[in-house]
Amino acid sequence: MKKKNVYYIGFGIVIIAIVIAGLMVATTPRITPVLEKKPIVTISVFESPQMQKTEAGTVISYAINTSRFADDDLDLIKIEVLDTNTEKTLLKLEGTSLDEKYSSADQAGKSGYPVVKLNVTVSSDKIPSDITNRLTFVSKNKAALPFSVTGGDIHLLSAEV
């Protein structure tokens, strides 16, 4: 093959690569805008937790209400219940286990705020004095790492059992 033909073939490959790259850039969706600041989400517990002894231990039942985080295009992906004093995770809900306990603002009833009903089982001889909740969110439409919000602190009286 002549040297001149090799140059033409090489030049043709470069032109084809440039055209393909241009088409890919033109047809690829644009980058999702970045979440500028962490939205404010509030967590509260309106009713006192109920405690009941079972064979598995003591079940602490309560509901947490949150502000309407869906208005900020956020998805709740994880809930953790923590012992405030030891920071030990008492309960973790994700995926379908979270979906079963969660009611959106549309389904929440009287309060109109999202509700998560929690049942935390702990050893009857190791009932924590204080617990808190950590909720983890991701943005639906903006690029952001998951972020967590902590709140809904509860003081438990072990004499209630």
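The values are calculated or read from the model by the stated rules, or taken from the named source; none is laboratory data. Everything numeric in this text was worked out from a predicted model, so none of it was measured. Here Cβ is always computed from backbone atoms with ideal geometry, including for glycine, and neighbour counts include all displayed protein chains. Calculation scope for accessible area: heavy atoms of the full protein, side chains included, ligands and nucleic acids excluded. Shrake-Rupley method; radii C 1.70, N 1.55, O 1.52, S 1.80 Å.
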Fill in: Qualifying residue in the stretch 92-115 (condition: at pLDDT 85 or above, under 16 Å from PRO49 (Cα atoms) and in contact with a Phe, Trp or Tyr (Cβ under 9 Å, 6 or more places away or on another chain))
yes
Practice prompt. Examine the stretch 26-45 for a residue that is over 22 Å from the mean Cα position of the chain (by Cα), on the phi > 0 side of the Ramachandran plot and of a type outside the set (Lys, Arg), and state whether such a residue exists.
Written response: no
Discussion item. Go through the stretch 49-77 and report how many residues are modelled with pLDDT under 85 and open to solvent by 30 Å² or more (accessible area, probe 1.4 Å).
Written reply: 5
Worksheet entry | Subset of the stretch 20-44 [out of contact with any Phe, Trp or Tyr (no Cβ under 6 Å at 6 or more places or on another chain), at pLDDT 80 or above and open to solvent by less than 100 Å² (accessible area, probe 1.4 Å)] | ILE20, ALA21, GLY22, VAL25, ALA26, THR42, ILE43, SER44
Practice prompt. Take the residues in the stretch 78-91 that are of a type in the set (D, E, K, R) and under 20 Å from PRO49 (Cα atoms), then tell me which one is most open to solvent (accessible area, probe 1.4 Å).
Written response: GLU87
Worksheet entry | Out of VAL25, VAL41, sole residue that is in contact with a helix residue (DSSP H, G or I) (Cβ under 9 Å, 6 or more places away or on another chain) and farther than 16 Å from SER129 by Cα | VAL41
Discussion item. What's the number of the only condition in (1) open to solvent by 20 Å² or more (accessible area, probe 1.4 Å); (2) over 29 Å from LYS53 (Cα atoms); (3) in contact with a strand residue (DSSP E or B) (Cβ under 9 Å, 6 or more places away or on another chain); (4) not aromatic (Phe, Trp, Tyr) that THR136 fails to meet?
Written reply: (1)
Practice prompt. Identify all residues within the stretch 57-80 that are touching a Gly at 6+ places or on another chain (Cβ under 9 Å) and under 21 Å from LEU157 (Cα atoms); write none if there are none.
Written response: TYR62, ILE64
Item to complete: Name every residue in the stretch 134-154 that is at pLDDT 70 or above and more than 15 Å from ILE43 (Cβ to Cβ), in order of residue number.
Response: VAL138, SER139, LYS140, ASN141, LYS142, LEU145, PRO146
Discussion item. Condition check: open to solvent by less than 100 Å² (accessible area, probe 1.4 Å) and farther than 30 Å from PHE147 by Cβ. Does ALA17 satisfy that?
Written reply: yes
